[in-house]
Each structure stands twice: as structure tokens, then as C-alpha cells.
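The structure under discussion appears below in the form of C-alpha cells.
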Amino acid sequence: MIKVQGVGFSYPGLESPVLQDINLEIRPGEFLALLGRNGSGKSTLTKLLNGLLIPSTGEVVVDGLNTRDDKNLSRIRQRVGLLFSNPDNQLVAGIVEEDVAFGPENLGLSANEIRDRVSWALSVVGMLDYRKHPPHLLSGGQKQRVAIAGILALKPRYMVLDEPTSMLDPQGRDEVLRTLIDLNREQGTTIVLVTHFVEEATTADRVMVLDQGKLVMTGSPLEVLTRTGDLHTWGLQAPEIVLLCQELRTLGHNLPPVLEGEQVVKMIRTLMGG
Ligand SMILES: Nc1ncnc2c1ncn2[C@@H]1O[C@H](COP(=O)(O)OP(=O)(O)OP(=O)(O)O)[C@@H](O)[C@H]1O
Ligand SMILES: [Mg+2]
């Protein structure tokens, strides 16, 4: 479990804190979506989770290891994999499989173990067929999946992804999101997905909203994403499907809150008399 307890953070030279009194627990196996507008402190929070930044106040503790203690950092970073938005900044080698092998090589594993991990990680993200390709010839979504494989090959318990789809087109976004959902369900990897695409939060176990450095809401996707007014206040827009249901409600149709297209289609069919 990752415990964030009373965490505040200020960048040197900045007067006001960027994060204030953050308390959260990231439980093994869960898929947590973290939403927030530009500048709300999302990236700062992700960097605190693996000790890339140390809190100004409060503690971040990963499976009992406090990020304040320097001698814990290498173990913490092995447990908490961090992925950023731009895959071009994360791919270092000239061939896909070399890129994925880069991390495990630094762990000092045997050649056999490295080979097994690289093949496994590439197959999990559906990129094994591309193992001999140069990364720069791949699409954005494919590159990001290779970058995910690079982290997977380190076998982290937690994977924190900071807007991994923000540079991708809808197809690439879909590929990456699908990969993360499968990883979570099939490999049991804990996922913390930072995004400002509210739709990406609909399949999460839990959604959190960060606004002006504070956690302003935590709940199930249904609880959080149907609060159209609050989301608007926090600089976010509710998913289209929620807005559609709201419109239908203002027209006098009595619809329960839902997030899934299929359910909405069923309800509309019923409204239309089958
Ligand atoms: N290295 C830094 N030095 C000083 N201030 C910083 C630094 N990095 C971020 N900030 C400031 O901290 C605040 C939060 O930034 P952060 O990058 O954590 O937000 P974010 O939610 O990730 O934003 P975005 O959606 O744009 O990625 C912003 O006001 C930003 O200007
Ligand atoms: Mg950010």
C-alpha cells in the first residue's frame, strides 16, 4: 500500500504551496484515476509517490518504506514505476526490445531473466511482433505501449502514469487505456492513472479530483463523474454520456445516473416504447 499522509509540497522560490494536506491510500490491485485541471498539482503528486520529490510536510510511505529515507529510494523506485506523457522522451534505444531491456539490465539480472521479462512485457502490451522495430517508426500509441513495457519489465507493484494519453489520437488513447485495464485485471498491477480526460476515469475502481493542490473529491466513477456542476467548478467536464442523460432529464424523462453507453441505449429504447 502507498500511504500519503498530511502531505504538503512547495517548490523552492514559490510562495504558496502547490499541494496541501493530501491524504490518500493506494491499495494493492486497485485502478485509481486522478483527475484535475492544468496546474492543480497532479504531476507534483505523482513525483511524490516514488520519491522523485520529497514532501515539504507529511509523509509518503510505500509498503512501509518512507520516501524521506534516502536508503529506501532505490527499493521504492523499483516498486513504483512512473510513466510520463511523451513517449519520445522515454524511449532510449534504437530497437524496441533493447529499449525494454534497458531497465532490467540496470537491475543486474541474468541474460535469461532479462530476455524472459522483455518478451513477457512486450506480449502483455501487445507489441511482441514489433520487438525488432526501431521505436521512432511506431505510432504514438505503440510507442507509449513500448514505454509501458519498459516499466513492466521492472515488475513494479504500482504503476503511476502521468497523462500517458495526452499526446495520442483517439485510437492511440484507446490502445493505451485498454492495455492499462488489462494489466490491472490480468496481472493485478496497481494503476494510478493521471488524466484530464474524464472518460478515461469511467472504468476505474476509484476516482479522485485534485483542485488547487487539494483533494476535493474521492468516490466511485458514478459518484464523481455524474456531478456535472462540481466537475465544472473544478475545471473539468462530465462525460458526454452524463451530459446527455442530464439533458434528457431536463426534458422530463426520469433517468437514473449511468456511465455506460449500452445502458443509455437501453433506457432510450424504453423511452421510445421499445
Ligand atoms: N519545477 C517547478 N518549479 C516551480 N513550480 C513548479 C514546478 N513544477 C510545477 N510547478 C508549479 O506547481 C503547480 C502544479 O504543477 P503540476 O505540474 O504539479 O500540475 P499539473 O496538475 O500536473 O498540471 P498539468 O495538467 O498542466 O500537467 C503549478 O502552478 C506549476 O506552475
Ligand atoms: Mg502535469
| request: Out of all DSSP beta bridges with both ends in the chain, state the antiparallel percent to the nearest 5. | output: 50
| said: 7 Å from Cα along Cα→Cβ at both residue 250 and residue 119: what's the point-to-point distance in nm? | reply: 5.8
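Need the full-extension length gain, residue 272 to residue 243, defined as separation in residues times 0.36 nm minus the C-alpha distance. One decimal, nm. It would help to have the intermediate numbers written out before the result.
On the way: separation 29, 0.36 × 29 = 10.44 nm, distance 1.92 nm.
Extra length available between residue 272 and residue 243 comes to 8.5 nm.
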| message | Testing the spin-label approximation: label points 7 Å from Cα along Cα→Cβ at residue 233 and residue 86. State their distance in nm. | response | 3.6
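Once you charge only the Cβ atoms, +1 for Lys and Arg and -1 for Asp and Glu, what is the size of the charge dipole of the chain about its Cα centre, to the nearest 20 debye? Present the calculation step by step, with values, prior to reporting the outcome.
Working: 27 positive and 33 negative charges, 67 e Å.
The calculation lands at about 320 debye.
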| So which lysines pass the test for residue 132, namely a Cα distance under 30 Å, with those fewer than 8 places away in the same chain ruled out? | 143, 155
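Quick one: order 127, 217 by neighbouring beta-carbon count within 10 Å, fewest to most.
Values: 127 23, 217 16.
Ascending Cβ contact count within 10 Å gives the list 217, 127.
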| field | For the chain, the spread of Cα positions along each principal axis, largest first, Å | value | 65, 48, 29
| task | Report the FRET efficiency, 1/(1 + (r/R0)^6), for residue 174 and residue 223, where r is their Cβ-Cβ distance and R0 is 30 Å, rounded to 0.05. | result | 0.75
| request: Quote the FRET efficiency, to the nearest 0.05, computed for residue 111 versus residue 132 with a Förster distance R0 of 25 Å and r equal to the Cβ-Cβ distance. | output: 0.90
| message | Modelling each spin label as a point 7 Å along the Cα-to-Cβ direction, I'd like the residue 56/residue 11 distance in nm, to one decimal. | response | 1.2
| note | Any aspartates and glutamates whose Cα falls less than 18 Å from that of residue 266, other than same-chain ones fewer than 8 residues away, would be 240, 247
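Values quoted throughout were computed directly from the atomic coordinates according to the rules given, and no laboratory measurement underlies them. All values reported here derive from a predicted model rather than from experimental measurement. Glycine gets a Cβ as well: all are built from the backbone with ideal geometry, and neighbour counts include every protein chain shown.
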